[in-house]
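For reference, the structure is listed below as structure tokens.
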Amino acid sequence: MSRCPSPSKAPSASTARRIHAVKYLQGLAGAVHGDGSFVFEESPAVALQDGSPTAVNTERGSVRARDVIVATNVPFGDRGVFDARCYPHRSYLTASLAAGRRLDDAFRNSTFIGVDEPMRSILTVDVDGTSYVLTGGEGHRASDVGDAAERYSRLAAFARDRLGAGETAFRWSTQDAMPVDGLPYVGLMSPDARHVHVITGLRKWGLTNGTAAALILADTLCGRHNAWAAVFRWHRHSGAGREEPPAQAAALLSTPDAHVPAKPSEGKVSQYTNVAQSTNKRQRALSRCTLLPRPSRPRLAGKRRSGPVPGSAGIVNL
């Protein structure tokens, strides 16, 4: 195929809507802040203690609450529980100028995703009178080797050859936690956790899966039944995807020093030292967590509290 098909001939969802992710998050932060609730930025957590109350320690003080939700890309304070249940996956995007002209109506403010390989996603946007074509793809496990410059080059070439885009104005990469069975993990962080909950493995669909996870935990913390809670808990017993189910991962974690032979097209944890063995006997080091620099942002004003807010639930973004 030398040209992309017309959007009018592609499957579409008439009820689909697009939202501005940053404005959405700013609205959530504005709704949380105030009336006894606070939003603190640039306050990295250094320790977490489950108890009554649960405490989250930072370099500048502590936050205490009845319950804490660890909603980070990779969980903090999980003692390695999710090392065998999630793997970091990296993907790339380029923003190319729309060939010196505004986008056609068929493409303006539209989103597309391919179904074949290599997968490509396309997003068009107008910013301050300039039109851009965002092309995403080239995803791989973060532990795999490869040339990032070549990946960007292939995305830029796709935008140029298939969509008539111009030069690349911006490029960046993202990294997400991918659950081994395809479903996010939502619920208590570990078997012995009492007040520490986790949301992770959102599989690149953070706005939707994250919102669904928040609804599940909101019901849980308020004592309401949620039919989906058992489906997304981390110690579920049935796999939903093609890879290693969580029950097998739990068995590996319970005997970290035992060697479990790998089946064809499958990897196993050989030691609880963040090293996995592939089927061809090679050892690959796995990263427990990749920290990416955050842009400088102002701290939101808020008074410190010396004790927990009665009946409160803390949401910690580390």
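The values are calculated or read from the model by the stated rules, or taken from the named source; none is laboratory data. Predicted, not measured: the structure shown is a model, and the values here were computed from it. Don't worry about glycine lacking a Cβ; one is built from the backbone with ideal geometry, like all the others, and counts go over all protein chains shown. Just so you know, the surface numbers come from the protein's heavy atoms only, side chains and all, with ligands and any DNA or RNA stripped out. Shrake-Rupley method; radii C 1.70, N 1.55, O 1.52, S 1.80 Å.
When ligands, DNA and RNA are left out and all protein chains stay put, how many square angstrom of accessible area per residue does the stretch 18-174 have with a 1.4 Å probe?
Solvent-accessible surface per residue comes out at 55 Å².
Give me, ordered by chain and number, the residues 5 or more places off MET178 or on other chains with an amide H under 5 Å from its own placed amide H.
TYR87, HIS89
Compute the distance in nm between two label points, each set 7 Å from the Cα along the Cα-to-Cβ direction, one at ILE19 and one at THR111.
1.0
Run the accessible area of the stretch 155-231 with a 1.4 Å probe and give the carbon-and-sulfur part as a rounded percent.
Within the stretch 155-231, the accessible surface is 59 percent carbon and sulfur.
State the extension gain, in nm to one decimal, for the chain segment bounded by LEU215 and ALA157, taking 0.36 nm per residue of separation less the distance between their alpha-carbons.
Stretched out fully, the LEU215 to ALA157 stretch lengthens by 16.8 nm.
If you plug each phi of the stretch 170-182 into the Karplus form 6.51 cos²θ - 1.76 cosθ + 1.60 with θ = phi - 60°, what whole-Hz ³J(HN,Hα) values come out, in order, with x for Gly and Pro?
Along the stretch 170-182, the couplings run 9, 7, 7, 10, 10, 9, 10, 8, 9, x, 5, 10, x Hz.
Explain nothing, just the number: relative contact order of the stretch 39-91, from Cα pairs under 8 Å at least 6 residues apart, as a whole percent.
In percent, rounded to a whole number, it is 22.
Along Cα→Cβ, 7 Å out, is where each label goes; now give me the distance between the ones at CYS222 and THR174 in nm to one decimal.
It works out to 2.9 nm between the two label points.
Under 5 Å between amide H atoms, partner at least 5 residues away or on a different chain: which partners does THR200 have, H built in plane at 1.01 Å?
Excluding prolines and chain starts, which carry no amide H, the hits are TYR185.
Would you kindly derive the ³J(HN,Hα) couplings of the stretch 69-86 from the backbone phi angles with the Karplus curve 6.51 cos²θ - 1.76 cosθ + 1.60 (θ = phi - 60°), listing them in order in whole Hz, with x for Gly and Pro?
10, 8, 10, 9, 4, 10, x, 10, x, 8, 6, x, 4, 9, 4, 8, 10, 9
Provide Rg and Dmax in Å for the stretch 17-82, with only Cα atoms included in the calculation.
Final numbers for Rg and Dmax: 14.2, 42 Å.
Within 10 Å of each candidate Cβ there may be at most 15 other Cβ atoms; applying that plus a DSSP loop requirement, which trypsin sites (Lys or Arg not before Pro) in the stretch 36-98 survive?
Here the sparse-neighbourhood loop sites are ARG60, ARG79.
For SER121 and LEU207 in one chain, what is 0.36 nm times their gap in residues minus the Cα-Cα distance, to one decimal in nm?
29.3 nm
Considering amide H positions built from the backbone, and no H for Pro or chain starts, which residues 5 or more places from VAL125, or on another chain, come under 5 Å of its amide H?
Placed amide hydrogens put ASN109, TYR132, LEU134 under 5 Å from VAL125.
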